[in-house]
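Below: the structure, in structure tokens.
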Amino acid sequence: MWNQPYLETCCRSALHRLMLAGDPGRPRSEKDAPCLDRLTELGFAEPGPDGRYRLTPAGRERHDTVIARPEGPKQSRPGVRTQPRPACPADPALKHTRRPPNHRVS
């Protein structure tokens, strides 16, 4: 993934809108025009004969790896706690992970 070109937030959004549009495609609008051009240059989108842009197989793969949430358990990142936080020490019956306001632990 790190050897792939970086997509700005606006281009990731345009890629997601293309995926949501499906087979009918998405028209070229002022809002998406620069990003659709960039996605086309990268091979993630292609203009059709009707002027509407459609997702390419490479674009669908990029969407699935960068934008779509992976199936299954949440993947951990380095430095992120993977174990659940312990219950409140004042009352072990509580299952919350955040301390309520004005909660003091001695």
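Assorted remarks:
- Answer from 41, 61 - the residue that is over 19 Å from the mean Cα position of the chain (by Cα) and at pLDDT 90 or above: 41
- Selection from the stretch 6-22 of residues that are at pLDDT below 85 and under 10 Å from residue 44 (Cβ atoms): 7
- Output for the stretch 15-50, where each listed residue is assigned to a loop (DSSP other than H, G, I, E, B), under 19 Å from residue 4 (Cα atoms) and in contact with a Leu (Cβ under 8 Å, 6 or more places away or on another chain): 44
- Within the stretch 30-58, residues that are in contact (Cβ under 8 Å) with a residue 40 or more places away in the chain and surrounded by 13 or more Cβ atoms within 10 Å (Cβ to Cβ) sit with their Cβ atoms under 8 Å from residues that are aliphatic (A, V, I, L, M) and outside any helix (DSSP H, G or I), at 6+ positions apart or across chains, in these pairs: 55/45.
The values are calculated or read from the model by the stated rules, or taken from the named source; none is laboratory data. Note that the structure is predicted; figures quoted are calculated from it, not measured. All Cβ positions, glycine included, derive from the backbone under ideal geometry; neighbour counts span all protein chains shown.
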